[in-house]
1. With r as the distance between the Cβ atoms of A88 and D108 and R0 = 30 Å, compute the FRET efficiency 1/(1 + (r/R0)^6) and round to 0.05.
2. If I model a spin label as a point 7 Å beyond the Cα along the Cα-Cβ vector, how far apart are those points for E123 and R20 in nm?
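Readers should treat all values here as calculations from the given coordinates under stated rules, not as data from a laboratory. The model shown is predicted, which means the values in this text are computed figures rather than measured ones. Backbone-built Cβ (ideal geometry, glycine too); neighbour counts: all protein chains shown.
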Amino acid sequence: ESSPAALQVAELNCRRHGCRERVSLICCELRNRPALGKFRLIVSNPPYLDPETSGEIDRSVLNYEPPEALFGETGRLSVFREIFESAAELLDEGGSILLELAHDHLEDVRGLGQHNGWVSLAEHKDLAGWTRVASFGREM
């Protein structure tokens, strides 16, 4: 997580759900990360929205979340490309990544993953029935 404030929320959530001892929370940018070792699972809710679509986003989301948590710097899929390119060196063999995505990003994100040597493992729908989380592993 690149936001110290968001990391504090994650810390509280881990404590609330009894998993703090099993979770490593790290405050850094993916592209400027320190040597972190290997992980079994990387979970990411990256800023995946395009600023040009802000008029289509529910006001409660825009009023609750800081812009840097919502909008990618260089387009809606660039953050996923960066994750796929970087995650392999951060994961143990057999490790996976779990990504939150916009309801209409699944096919594009899956294609980016495949292009970078990842396979789609599972998809999870939100309460409205939209696929909002996808997990990926490395091709063997």
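1. Efficiency for this residue pair is about 0.95.
2. Those two pseudo-labels are separated by 3.7 nm.
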